Structures are given as C-alpha cells and as structure tokens.
C-alpha cells in the first residue's frame, strides 16, 4: 500500500510534519529571536573553533604563522601512546569519581535542610554556600595556595602531635597528597551549584504528597524514599551528568594551584593540553612537559578527549530517555485502575 503523495511528490505525512514544524516556529518566533544572539556566540566561539582546530591536528605546528609541516594522523598516534596523557586521564577520572558522589550527597543533604520552612535565616545560609561557586576558581586557587604556604606547616605540626601522620606534609609538593587536596578544594568550590539545583528540584515536589505520606504513617525515611527520591529522579539525573561533565573539564583550579605538578602528580587532561599547546610545562610545575609548543598535537589531544566527552553526553541522552519512558509507563499503570472505576 503506497503512501499518499502531495503535489510536490513528497508523502502527505511528511508534508504535514514539515508544515507543523514551521507553524510551531512561527508561533514561537520571539523565543527563537531571543536565543539567536546566544546561538550566534556559541557558533562563533565554540562550534567553529572545534571544527577549525580539527585541521591543525594534521600538522606539526608551534602556533606561529601558517602550519606547513604535515604529519597526518601521527599526532593522534602519539596521543594514544603517550603515557603522560593516560596518567592525566586517570587523574581526571579519579577527580570525577571522588568529587561527584561526595559533592552530590553533601548538596542533597544541605538542600533537604535548607528546604525546611521552619529553618530561620535559610536565605543567608544559601548565599553562604553559593558564594564559592560564583568566585573565580583562579582566585580560590591563589588564596588556598597562600593559606597552605603560610599555615600549612602549623597544621602539619598539629597532625604530627596528634599522631595522625608521621611526618609533616608538603601540601602542594607531596605527589601522594596534592591531588586529594585539589579534590577537596574542588568539592567546596562547586558545591553551591548542585545545592541550588537540588533546592529547585525539591521545590517542584508538591507538599500534598508529603502530607499524604505523613497521614499514611510514613516516617522521615519513608517520605524521603517514596516521595523525595521519585520526585528528584529526572532533575537528579540531569544534576549527575552536569556534575560529571563539569568535573571532567577541570582546569583552572589545578593550573593555579600546582600547574599539574609535582612530577605530573596532579596533571589532568586540560592542563596537559594547555602545556602541549603553549609549552608551559616547566613554568606550571608539570615537570617540564612540552618544552616546545605544539598546537597540532594539543589539538589532537583535545579532539580525542572531546570524543570521550561526547560518549558520556550520549550516555546522558540515553539515560534521560530511559527515565522518561519508565516514568510515563509508571503513570500509565497507575492511571488504569482509576479509569476502570
């Protein structure tokens, strides 16, 4: 059975969908007009540089003049075989694997407390927790670097006297401690974002659900399990993936605090790319990485890492779709008994 075709030769169903799309565009034309400037900036400063840098991956180039030394896919081969890159990748994964669950649990716990209407000065507390999130990570890095330089020895002496450690810790110079210090500072720095997201999600849950659960005899744990968690399922998934993608792109905090050092102990992928592109390894404390700038190799590393992030983004889209389908299925099941009555 052939599909009905219109005057243009296209199936009628396709023509109808196209007309419906353009109709929606005309109805919401002011919304598209409002986002047009932002979209233009994203295209010029984000999308175009990504595709433009793809051409540089095929050259050995120091960033001066026009690239002439064609090397083909050798830059990608070097990235795959470079042990320092995979070491930096491992540090990035460790940063993400520790920061995300700890930070989300703290943010959810604080959001539950701050969402309580009986809490006085809740607005003040929210501002206090959100201030680090709107403070430049570079400034935070400088402040903590000064604090650890001036007061680190005193703290180390206290820990030794309490027999918690055997020797005083060189906080930013110990290869075994530096990454954990950066993770701790990172948790504190970006906690405010997830706190606000969870607060917004909690405020979308109707109070009637909590009241009904309380009438049914559910305690605090029961209300959290059967009302709060299902109500935060969708927004919580978005918060999770935003936290993962944000932590995988950590750069400025590491660069200011340690520059990836000492001896690559805190090198993450973005500082690795920076050192390769600008030859700033010895300056940043990364142990002399990339003494000569190589923009082509840095572009290849950046593009390769971007592909890994795209995989995570695709996983986010799949998980989001699964949650929506499961939620719509649950709604359909609960609607059947009511319709039977």
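The values are calculated or read from the model by the stated rules, or taken from the named source; none is laboratory data. The model shown is predicted, which means the values in this text are computed figures rather than measured ones. Here the Cβ positions follow ideal geometry from the backbone for every residue, glycine too, while neighbour counts run over all protein chains shown.
Restricting to the range 265-293, and then to whatever is more than 22 Å from residue 61 (Cβ to Cβ) and at pLDDT 90 or above, can you tell me which residue is farthest from the chain's Cα centre (by Cα)?
Of everything passing the filter in the range 265-293, 265 is farthest from the chain's Cα centre (by Cα).
Counting only residues that are modelled with pLDDT of 85 or more and exposed (fewer than 10 other Cβ atoms within 10 Å of the Cβ), the range 42-75 holds 1 of them.
In the range 77-103, the qualifying residues are those that are surrounded by 15 or more Cβ atoms within 10 Å (Cβ to Cβ) and over 24 Å from the mean Cα position of the chain (by Cα), and the one that is farthest from residue 210 (Cα to Cα) is 78.
In the set 65, 72, 90, only one residue is part of a helix (DSSP H, G or I) and more than 30 Å from residue 220 (Cα to Cα); that residue is 90.
Here are 203, 255: which of them is buried (at least 18 other Cβ atoms within 10 Å of the Cβ) and in contact (Cβ under 8 Å) with a residue 24 or more places away in the chain? Walk me through it before giving the result.
Numbers: 203 fails: buried (at least 18 other Cβ atoms within 10 Å of the Cβ).
So the residue among 203, 255 that is buried (at least 18 other Cβ atoms within 10 Å of the Cβ) and in contact (Cβ under 8 Å) with a residue 24 or more places away in the chain is 255.
Does the range 21-40 hold any residues that are closer than 29 Å to residue 299 by Cβ and exposed (fewer than 10 other Cβ atoms within 10 Å of the Cβ), and which are they?
Matches in the range 21-40: 37, 38.
Checked across the range 96-110, the condition of being outside any helix (DSSP H, G or I), touching a residue at least 24 places away in the same chain (Cβ under 8 Å), over 25 Å from residue 270 (Cα atoms) and in contact with a helix residue (DSSP H, G or I) (Cβ under 6 Å, 6 or more places away or on another chain) holds for no residue.
Out of curiosity, is residue 106 at pLDDT 90 or above, under 20 Å from the mean Cα position of the chain (by Cα) and at negative phi? Explain how you work it out, then say what you get.
On the way: at pLDDT 90 or above: yes; under 20 Å from the mean Cα position of the chain (by Cα): yes; at negative phi: yes.
Answer is yes for this residue.
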